[in-house]
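Colleague: Below you'll find the structure I mean.
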Amino acid sequence: MEWNLLYGKDRKPTLEEAGAFAGKLLSEDFMGFMAENCPAAPKLEYSGCTMQPGWNIKFKKNGKNVCTLYPLDGYFICMILIGGDAMAEMEARLGDFTPYIQGKFRDTRIFQGSRWLYLEIREQAVEWDLEELVFLKLRSMGLTPGPAPEKGKRTAREKGKGTASEKGKEAALEKGKGMAPETVKGTAARRKGKRNEDEN
């Protein structure tokens with residue numbers, strides 16, 4: 001059943017129900033990442049938008065939207081605006097991302113100074129990329145410590161884990177907010193390790 005039919009305007013779901021419908025990439029991986037790294041709390045809102053109607057999950061801070069999530073059957077869509085400093089950083093690091101994200105970024109026209117990316121999150125590698133985009137977005141909003149990584153280097157959680165490393169947690173506690181990008185391993189290394197595991 002479609003999400004907007006299962007939960008109509010008068011039947012508000014819980015975050016747990018949204019996660020159960022969309023699957024592990026939302027309920028465990030991405031929501032766990034956001035709980036650790038995003039200072040904005042998730043909020044369920046109903047939208048009558050014809051493009052993606054129904055209940056969605058918004059992350060807002062200081063009146064600005066970090067991203068919006070749309071639960072679907074077994075996966076989810078994320079809408080995230082990339083503009084300003086974030087767009088410049090994204091352009092410089094585009095080769096670090098999966099071909100899917102690269103194609104979406106290139107094919108999305110600039111509107112009101114930003115690229116409005118609608119990303120289907122169906123596999124782990126793309127979910128890791130989304131984490132990178134959130135770090136990038138948060139930095140551009142002044143909501144996470146640390147400078148942008150050097151070109152060709154990425155910031156992400158440890159390979160195969162749904163939580164930050166202990167070192168990353170300690171650095172975050174010292175700084176008082178967010179997870180410091182310099183304390184975590186790169187997604188490229190994480191993907192390489194996964195490929196090696198699959199080959200063995």
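Colleague: If we scan the range 73-84, do we find a residue that is charged (D, E, K, R) and closer than 19 Å to E132 by Cα? Break it down into steps so the answer makes sense when it comes.
Modeller: So in the range 73-84, the residues charged (D, E, K, R) come out as 73.
Next, only the ones that are closer than 19 Å to E132 by Cα stay: none.
No, the range 73-84 has no match at all.
Colleague: Taking L143, is it under 25 Å from N4 (Cβ atoms) and not in a helix (DSSP H, G or I)? Steps first, please.
Modeller: Numbers: under 25 Å from N4 (Cβ atoms): no; not in a helix (DSSP H, G or I): yes.
Considered against the rule, which asks whether it is under 25 Å from N4 (Cβ atoms) and not in a helix (DSSP H, G or I), L143 comes out as no.
Colleague: Looking only at the range 4-22, filter to residues that are out of contact with any strand residue (DSSP E or B) (no Cβ under 7 Å at 6 or more places or on another chain) and of a type outside the set (G, A, S); which one of those is surrounded by the fewest Cβ atoms within 10 Å (Cβ to Cβ)? Spell out how you get there, then give the answer.
Modeller: Residues of the range 4-22 out of contact with any strand residue (DSSP E or B) (no Cβ under 7 Å at 6 or more places or on another chain): 5-6, 8, 10-11, 14, 16-17, 19-20.
Next, only the ones that are of a type outside the set (G, A, S) stay: 5-6, 10-11, 14, 16-17.
Numbers: L5: 9, L6: 15, D10: 6, R11: 10, T14: 10, E16: 10, E17: 17.
Looking at residues that are out of contact with any strand residue (DSSP E or B) (no Cβ under 7 Å at 6 or more places or on another chain) and of a type outside the set (G, A, S), I get D10.
Colleague: Output the residue which, of all residues in the range 26-47 that are open to solvent by 30 Å² or more (accessible area, probe 1.4 Å) and in contact (Cβ under 8 Å) with a residue 24 or more places away in the chain, is nearest to P13 (Cα to Cα).
Modeller: Y46
Colleague: For residues that are touching a residue at least 60 places away in the same chain (Cβ under 8 Å), among the aliphatic types (A, V, I, L, M) and open to solvent by less than 20 Å² (accessible area, probe 1.4 Å), tally how many sit in the range 53-99.
Modeller: Within the range 53-99, residues that are touching a residue at least 60 places away in the same chain (Cβ under 8 Å), among the aliphatic types (A, V, I, L, M) and open to solvent by less than 20 Å² (accessible area, probe 1.4 Å) number 1.
Colleague: Residue check, A41 against (1) at pLDDT 90 or above; (2) under 19 Å from E127 (Cβ atoms); (3) out of contact with any Ser or Thr (no Cβ under 7 Å at 6 or more places or on another chain), all met but one. Which one?
Modeller: Tallying (1) at pLDDT 90 or above; (2) under 19 Å from E127 (Cβ atoms); (3) out of contact with any Ser or Thr (no Cβ under 7 Å at 6 or more places or on another chain), A41 fails exactly one: (2).
Colleague: Before we move on, is D107 within 14 Å of the chain's Cα centre (by Cα) and free of Cβ contacts under 8 Å to residues at least 60 places away in the same chain? Talk me through it step by step, then tell me what you get.
Modeller: Values: within 14 Å of the chain's Cα centre (by Cα): no; free of Cβ contacts under 8 Å to residues at least 60 places away in the same chain: yes.
Taking the combined requirement at face value, the residue does not satisfy it.
Colleague: Next up: Hey, W128 hits all of (1) farther than 30 Å from D10 by Cα; (2) assigned to a strand (DSSP E or B); (3) touching a residue at least 40 places away in the same chain (Cβ under 8 Å); (4) not aliphatic (A, V, I, L, M) but one; which does it fall short on?
Modeller: (2)
The values are calculated or read from the model by the stated rules, or taken from the named source; none is laboratory data. Source: prediction; values computed, not measured. Counting neighbours? That spans all protein chains shown, and the Cβs are built from the backbone with ideal geometry, glycine included. These area figures cover heavy atoms from the full protein model, side chains too; ligands, DNA and RNA do not enter into them. Shrake-Rupley method; radii C 1.70, N 1.55, O 1.52, S 1.80 Å.
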